[in-house]
Amino acid sequence: MNTFLNWLDNRTGIRATVHEALFERIPGGARWRYVWGSTLVFAFSVQVITGLFLWMAYSPSSLTAWESVYFITYDMQFGWLLRGLHHFMAQAMVVLLAIHLMQVIIDGAYKAPREVNFWLGLILMQIVLGLSLTGYLLPWDQKGFWATNVATKLMTLVPVVGTKLQRLVVGGPTYGHHTLTRFFAMHAGVLPGLLIAFLALHIAVFRRHGIKAADPLHKKDAMFWPDQVLKDAVACLGVLLVVLLLTIFVGAELGAPADPSQAYAAARPEWYFLFLFQFLKYFPGETEIWGALIIPGIMFGVLALMPFLAKWKLGHRFNIAYMVIVLCGIGYLTAQAWHEDNRGPKSADYHRAVADAQTRAERVRELIEYGEGISEKGGRALLRSDPKTAGPDLFKRNCAVCHSFDGHDGTGGPQEKATASDLGGFGSRDWLKGFVVEPGGPKYFGPTANGSFNGKPIADTFSNGAMARWAKEHAGKMSSEEIAAVVEFLLSQGDRTDLGPVDADLAAKGREVFELGSLDANAEGAESRACLQCHEMVIDGAPLGTQGLAPGPDLSRYGSEAWLRDFLLNPDAPHNYGDRNAMPSYKDRMTEAEFNILLKWLRRQWLEVKGKK
Amino acid sequence: MEHDKKPDSGPVQDFLNAEEPRRDFFTQAAAVVTGAALGVVPLFAGLAVFTDPLRKRERKSEGGADADGFLKVAPLDGLLKGGEPRRYEVIDDRTDAWNLFPREAVGAVYLVRPVDGLVKAFNVKCPHAGCSVDFKAENACFQCPCHDSSFKPNDGLIANPNSPSPRGLDELEVKEVDGMVWVKYQEFQPGTSHKVPEA
Ligand code: FES
């Protein structure tokens, strides 16, 4: 062994190098307060290791970034651990950086002859912040996407070259593939490369001047190895432990896939940038550049000038006071941002947006795990084509001009001016029953009395129309069994999979009521009560009974997708409302895909996971 | 022991300690120039590609825009006269580097129909930093969820003077044809007091 080491040393000079690396004299002895630099190096090493392995599973493009991160997080064994370590160590790094900087300032370690090393440290800090900014986008989830969108928009404020700069960073006119490839190249290549180079310089210059002892007479001098190394290692262990606990008990979250058409109202930067985010609120109009660039730039400039300021008699005190004030400012702004989102008057909106984002994130996981997985169109397409997710908004935009949905506009927002029926629960037993019993009521045709169509008021065409008058005269005379039977019969036409099995016996009775008006052949006025008087109905290709005048809508396969499609596209057709129609056609109002989603949503045809927590 | 030797007595040190040979200016200059030339070629190739987004012309949309660049957005009868602003997606073909996504939402607008006159269209993007504004029926104004800018519903101008946004919502050109609202969808640079179209 020794022979080998001798040989190696002769060829490389390794003993001297190791000796130089480890046997650094520490005046005043090893101390806990010197550990921060080492913990930063440790944190960075963890990032390099976990980052390289993440790289092996990550694919930067707008159709695969989120998908590959999803795969890492939920499908690859220990993927959650790898991602969690990287995610939380990044945050730990920012905290450690702040502590390290504070300690350097308090101990005066920035003063001559260590100015250059102080500046190298500030450059390193910028690189670390750059890494965190670029890394935030890479999962390509809603949060990272929208927060980074705002951050890069701010780049356009840079005088003269701002817009060019922004376009270079984004890689084109809009966010997309090239934003990811660029951010990834920065995050995994350029910035870590710079960081390693500057870190090497930082450590080399540090060694040249030795440690700035806080108090050289504290204790007997000690050596870096093993005294300080042990303390450093224990501190690193502490950092690792915290990061592990966060990984296990909090976990790195992954939001819903980024979708440029789906605004995310709760876009916030990482918590350590929140103060800048909040700061912007205080700069109205064109003064924005002050809040975004100039003031932060000046504050950083003062930081960089600290070694010179220290030459002045009270300089060091000033520097410490400056640091404390800036920290308090940052703390205040962060608290303020948190307060406004969680306690302020608009916190309800924020929480709704967060909850909504949460729902989408959970839903996409359901769709992937219980549906057909991720197609080549990516995760975003899953949510876009999911009736449960996309339906409410389509309803709000296309139907809520007149209709309400359980009293709201489909998305839970207010709907006070409805002029048509409430479609919440459309086609269900309760909904049908209500319609049979009180078609002119507030849930059905009632509101049409306040509406107008093609510039003409609808007045009581429907609210006191044939159906409403029929109900007034007949509904009260029907037994509850007859009503339930008719409802079951209508329900049986709709191929609904979400309403439980059809009671075939009851439906058969309902058909009798539909055709004859009553289950009791001798009931008084039964034939004028029969639905068939006004509504045609074809079952299995054969029309029911003898067709009457049939002024009301054709109810063949009522409530099925085909019926609803026809009804929405041709409400004024003779077999629907005909001349009395007061509903605009849905032709050309939306794309075919959107229309299908709306049909499915109204009929609640979507993937539902049973028995989930 | 070998490693107890003075560090300045190794072969490398011997070489460095030896008297330096004379340096010829021209040799130095030639070395510098050659070295620079070696670096320039790969760097040029890289930067040329990197700056491509600054030069590339956008592909013309074929996703339903008419000759003047208007896109069909919504049926007119979906908007009540004097009613609240409604949000609509703007559908067009979208190019993302090497991919073409036919007929996708490329942005969104709010449409407001005054009691009389033409429909107005506002880009939903906040001119402050580009977040999407919401319409808040309770306060009868547009509200930005990011830094609290607020805008008036009828003309999009700034409602609360403390709003950080430097200008009102960006109004877009509109035309009404055959009962449909067409909008010339455009985005503008954030942070300026006047509208500068995004190139
Ligand atoms: S982005 Fe709207 S207020 Fe800042």
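Any idea what the alpha-carbon Rg over 2.2 N^0.38 Å comes to for the protein assembly as shown?
1.25
Whose amide H sits under 5 Å from the amide H of A:G441, counting only residues 5 or more places off or on another chain, with H placed in the peptide plane?
A:G446
Going by Cα centres, the stretch A:477-527 and the stretch A:200-234 are how many Å apart?
Each part reduced to its Cα centre gives a spacing of 89 Å.
Report the relative contact order of the stretch A:385-602, percent, no decimals, based on alpha-carbon pairs under 8 angstrom and at least 6 residues apart.
16
How do A:H209, B:H128, A:H339, A:H403 rank by accessible surface area computed with a 1.4 Å probe, from largest to smallest?
Ranked from most to least accessible, the order is A:H339, A:H209, A:H403, B:H128.
When we measure straight from the Cα of A:K219, which lysines land under 17 angstrom away, once same-chain ones fewer than 8 places off are left out?
Within reach: A:K231.
Skip the ligands, DNA and RNA, and give the accessible area per residue of chain A with a 1.4 Å probe, whole Å².
I get 49 Å² per residue for chain A.
Which one, A:G13, A:Q91, A:S68, projects farthest toward the positive side of the charge dipole computed for the stretch A:2-267 from Cβ point charges (K/R +1, D/E -1)?
The residue sitting farthest along the positive end of the dipole is A:G13.
Between the DSSP loop rule and a limit of at most 10 other Cβ atoms within 10 Å, which GluC sites (Glu not before Pro) in the stretch A:522-613 are left?
A:E524
Return the single residue from B:L169, B:L71, B:L43 with maximal mean-square fluctuation; model: Gaussian network over chain B, springs between Cα atoms under 10 Å.
B:L43
For B:C131, A:C402, give the ranking by accessible area with the largest first, probe 1.4 Å.
Listed by decreasing accessible area, they come as A:C402, B:C131.
Positive end of the charge dipole of the stretch A:385-602 (Lys, Arg +1 and Asp, Glu -1 on Cβ, about the Cα centre): tell me which of A:A508, A:L544, A:A573 has its Cα farthest that way.
Result: A:A573.
Among the listed pairs A:K377/B:K72; A:K153/B:K81; A:K153/A:K587; A:K396/B:K152, which are separated by more than 27 Å between their Cα atoms?
Beyond 27 Å: A:K153/B:K81; A:K153/A:K587.
Please identify which residues in the stretch B:70-106 have an amide N closer than 19 Å to a label point set 7 Å out from the Cα of B:D116, following the Cα→Cβ vector.
B:80-83
Under a crude label model (7 Å from the Cα following the beta-carbon direction), how far is B:A137 from A:L569 in nanometres?
Result: 3.1 nm between the two label points.
Kindly provide the chymotrypsin sites (Phe, Trp or Tyr not before Pro) of the stretch A:265-325 that DSSP labels as loop, not H, G, I, E or B, and whose Cβ sees at most 15 other Cβ atoms within 10 Å.
In loop regions of the stretch A:265-325 (DSSP not H, G, I, E or B), the sparsely surrounded chymotrypsin sites (Phe, Trp or Tyr not before Pro) are A:W312.
Once amide H atoms are built 1.01 Å from N in the peptide plane, which residues 5 or more positions from B:E173, or in another chain, come under 5 Å H to H?
Correct list: B:K184.
Just want to confirm a number: the relative contact order over chain A, from Cα pairs under 8 angstrom separated by 6+ residues, in percent.
Worked out over chain A, it gives 12 percent.
Have a look at A:L602, B:I91, A:A263 and report the one farthest towards the positive end of the charge dipole of the protein assembly as shown, computed about the Cα centre with Cβ charges (Lys/Arg +1, Asp/Glu -1).
A:A263
What is the distance in Å between the Cα centres of the stretch B:71-130 and the stretch A:394-416?
19
Report the chymotrypsin sites (Phe, Trp or Tyr not before Pro) located in the stretch A:414-511 that are in a DSSP loop and have at most 11 other Cβ atoms inside 10 Å of their Cβ, or state none.
Passing both the DSSP loop test and the Cβ count: no residue.
Which whole-number value in Å² is the accessible area per residue of the stretch B:90-199, probe 1.4 Å?
That works out to 40 Å² for each residue.
What shape does the stretch A:1-157 take by its C-alpha gyration tensor, where a ≥ b ≥ c are the square roots of the eigenvalues and a/c under 1.5 counts as rounded, a/b above b/c as prolate, and the rest as oblate?
Oblate, because a/c is 1.5 or more while a/b does not exceed b/c.
Using unit Cβ charges (K, R positive; D, E negative) and no other charged atoms, how large, in debye to the nearest 20, is the dipole of the stretch A:239-325 about its Cα centre?
My answer is approximately 620 debye.
Assign one of three labels to the stretch B:71-184, namely rounded, prolate or oblate, based on the Cα gyration tensor with a ≥ b ≥ c the square roots of its eigenvalues; rounded applies when a/c is under 1.5, prolate when it is not and a/b is larger than b/c, and oblate otherwise.
Cα axes put the stretch B:71-184 in the oblate bin.
According to the square roots a ≥ b ≥ c of the eigenvalues of the Cα gyration tensor, what is the shape class of the stretch A:420-510, taking rounded for a/c under 1.5, prolate for a/b larger than b/c otherwise, and oblate for the remainder?
The shape class here is oblate.
Dipole size in debye (nearest 20) for the stretch B:53-199 around its Cα centre, Lys and Arg Cβ +1, Asp and Glu Cβ -1?
300
With all protein chains present, calculate the accessible area of B:C141 using a 1.4 Å probe and round the result to the nearest 10 Å².
Using a 1.4 Å probe on the heavy atoms, I get roughly 10 Å².
Round to the nearest 10 and report in Å² the accessible area of A:F118, as given by a 1.4 Å probe over the protein chains' heavy atoms.
Accessible area of A:F118: about 10 Å².
Could you work out the equivalent-ellipsoid semi-axes for chain B, taking the square root of 5 times each eigenvalue of the Cα gyration tensor, largest first, in whole Å?
Computed over chain B, the values are 62, 23, 15 Å.
Binned at 10 Å from 0, what are the whole-percent values of the Cα-Cα distance distribution for the stretch A:331-442, short to long?
P(r) over the stretch A:331-442, rounded to whole percents: 12, 27, 28, 23, 8, 1, 0.
How large is the charge dipole for chain A, taken about the Cα centre, if only the Cβ atoms of Lys, Arg (+1) and Asp, Glu (-1) carry charge, to the nearest 20 debye?
3640
Could you sort A:M299, A:M89, B:M180 by their accessible area in this structure, using a 1.4 Å probe and putting the largest first?
Largest accessible area first, the residues go A:M299, B:M180, A:M89.
Using 1/(1 + (r/R0)^6) with R0 = 41 angstrom and r between the beta carbons of A:V324 and A:K219, what's the FRET efficiency to the nearest 0.05?
Working from the Cβ atoms, E equals 0.90.
So what are the ³J(HN,Hα) numbers for the stretch B:33-45, from phi and the Karplus equation (6.51, -1.76, 1.60; θ = phi - 60°), rounded to whole Hz, Gly and Pro as x?
4, 4, x, 4, 4, 4, x, 5, 4, x, 5, 4, 4
The values are calculated or read from the model by the stated rules, or taken from the named source; none is laboratory data. As the structure is a computational prediction, the values presented were derived from the model and not from experiment. FYI the Cβ positions are ideal-geometry reconstructions off the backbone, even for glycines, and counts take in every protein chain you see. Each accessible area value is taken on the protein alone, full model and side chains, heavy atoms only, with ligands, DNA and RNA left out. Shrake-Rupley method; radii C 1.70, N 1.55, O 1.52, S 1.80 Å.
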